[in-house]
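Reviewing the structure listed below.
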Amino acid sequence: MKLNEHYFELTESYLFSDIARRVKAFAAAHPDQKIIRMGIGDVTRPLPPAVTAALEGAAREMGQRETFRGYGPEQGYPFLREAVAAYYQSHSTVVSPEEIFIGDGAKSDLGNILDLFSPACTVLIPDPVYPVYVDTNVMAGRRIVYLNASGQNGFLPLPDPRVKADILYICSPNNPTGAAYDRQGLQAFVDYARENGALILYDAAYEAFITDPALPRSIYEIEGARQCAIEFCSLSKTAGFTGLRCGYTVVPQELVFEGHSLRAMWLRRQTTKFNGVSYPVQRAAAVALSEEGRRASEENISYYRENARLLMQALDKRGIFYTGGRHSPYLFMRCENGMGSWQYFDWLLENAGIVGTPGAGFGKNGENYFRLSAFGGREETKEAAERLLNL
Ligand code: MLT
């Protein structure tokens, strides 16, 4: 038996597991310190009553012989795929239910999609970035080239025609920087992909935070994207499903590489390795995407936006440079006094009792930056803003 040696090229633990361990140790050593957690981007608002009612109703259906359901369709129940298509339609994007695959969240599908591609592919990944894109490719031994994001380019780098890649990752609004591409920016990626026969893996997990109609919520708002992009999205941040687990991946019919349909390949992969998301969760997701559900989720998103505004106000008052916060639940701030990002993590925890995520955990260009999440409760966020002001 031989192990996959590429695992030994990974950092010892996943970023958020590492942070959780450090915070646990700090809390044990300082039992009287009130810690404000703004590290992992996990939602805190409860699910709307219509969504929990759907969960309860579906659970009751499962308890009765007439309405009990066993295995569901691997691609997801048609009622949910239609609800996702209607959600896209609500922001003027047409995708067909046949192209939508229901999964347990964007993270899993972003990792699993790589089954379709040769380990010989070169991938282009922005730095800093959500660590899942890098780690899943390291595990497969793929060559990674980085696209440098920085304060100078507003953390919105564009592809360089001299750098050749087969697979490109884009996350917009971005995790961790909160920066969001406009149409021109995304068009540059689509044009690059089409000229190079490359594929875009587009992570739209934070699209619901966009308020400016000039910023696209889906890559399919861009001309030519259906020929070169797969989109991943999730109800985690849109509708508070981090605990329930439900997401969707769109694989357009037009995606044909080397004569093969990626939609057909993904269906083959899913039918072999996945038995779908549980029926009650899919019922809850359909309600979350209905008009009533969307209204309720929008209230929660507004709540997080207000949290972000409070944090932005504190950083503005202190004159600290940051990106994000406007179309994103994340603020990516420059560490004070030139500190390194892990050094700032320790310093902020000790001096303000605030947990954030060190920028270096998202890549080398994240060094000297620090991510704050606006997904907390209002009182805690106010207190954190106050502590940041008084540091
Ligand atoms: C984050 O904090 O970056 C996210 O919550 C992680 C995730 O969505 O998996």
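Each Lys and Arg contributes +1 and each Asp and Glu -1, all at the Cβ; summed about the Cα centre of the chain, the dipole is approximately 400 debye. 3J(HN,Hα) couplings calculated from phi for the range 31-43 with the Karplus curve 6.51 cos²θ - 1.76 cosθ + 1.60 (θ = phi - 60°) are, in sequence order, x, 8, 7, 7, 9, 9, 8, 10, x, 4, x, 10, 5 Hz; Gly and Pro show x. From the cross-link list Lys164/Lys273; Lys24/Lys382; Lys317/Lys382; Lys34/Lys364, which pairs have alpha carbons spaced over 25 Å apart? Long pairs (Cα-Cα over 25 Å): Lys164/Lys273; Lys34/Lys364. Per residue of the chain, the DSSP helices (runs of n ≥ 4 H) give a summed -39500 (n - 2.57) that works out to -12500 deg cm²/dmol at 222 nm. I need the shape label for the range 1-99. Rule: rounded when a/c is under 1.5, else prolate if a/b > b/c, else oblate, with a, b, c from the alpha carbon gyration tensor. In terms of gyration-tensor shape, prolate.
Mind putting a number on the dipole of the range 80-189 about its Cα centre? Charges go on the C-beta only, +1 for Lys and Arg and -1 for Asp and Glu, and I need it in Debye to the nearest 20. Walk me through the intermediate numbers first.
Values: 7 positive and 11 negative charges, 72 e Å.
Taking the Cα centre of the range 80-189 as origin, the dipole is about 340 debye.
Would you please classify the overall shape of the chain from the alpha carbon gyration tensor, given that a ≥ b ≥ c denote the square roots of the eigenvalues, rounded means a/c under 1.5, and beyond that prolate means a/b larger than b/c while oblate covers the rest? Oblate.
Please compute the per residue accessible area over the chain with all protein chains in place, 1.4 Å probe, rounded to a whole number of Å².
Numbers: 17110 Å² over 391 residues.
I get 44 Å² per residue for the chain.
Close amide H partners of Ala229, meaning residues 5 or more places away or on another chain with modelled amide H under 5 Å apart, are Ile200. Annotation: amide H-H contacts under 5 Å for Leu147 (H modelled 1.01 Å from N, sequence separation of 5 or more, or interchain): Ile125, Asp127. Measuring only protein heavy atoms, the 1.4 Å probe finds Ile320 accessible over about 20 Å². What the Cβ-Cβ distance of Thr11 and Arg69 gives, at R0 = 35 Å and to the nearest 0.05, is a FRET efficiency of 0.25.
Between Ala120 and Leu3, the FRET efficiency from the beta-carbon distance, with R0 = 25 Å, is close to 0.75. Overall, the range 34-103 carries a charge dipole of about 440 debye about its Cα centre when +1 sits on the Cβ of Lys and Arg and -1 on the Cβ of Asp and Glu, all other atoms neutral. Between amide H atoms placed 1.01 Å from N, distances below 5 Å from Leu156 occur with Ser150, all of them 5 or more places distant or on a separate chain. The heavy atoms of His91 offer some 30 square angstrom of accessible surface to a 1.4 angstrom probe.
The values are calculated or read from the model by the stated rules, or taken from the named source; none is laboratory data. Every value quoted in this text rests on a predicted model; they were computed, and no experiment measured them. Backbone-built Cβ (ideal geometry, glycine too); neighbour counts: all protein chains shown. Calculation scope for accessible area: heavy atoms of the full protein, side chains included, ligands and nucleic acids excluded. Shrake-Rupley method; radii C 1.70, N 1.55, O 1.52, S 1.80 Å.
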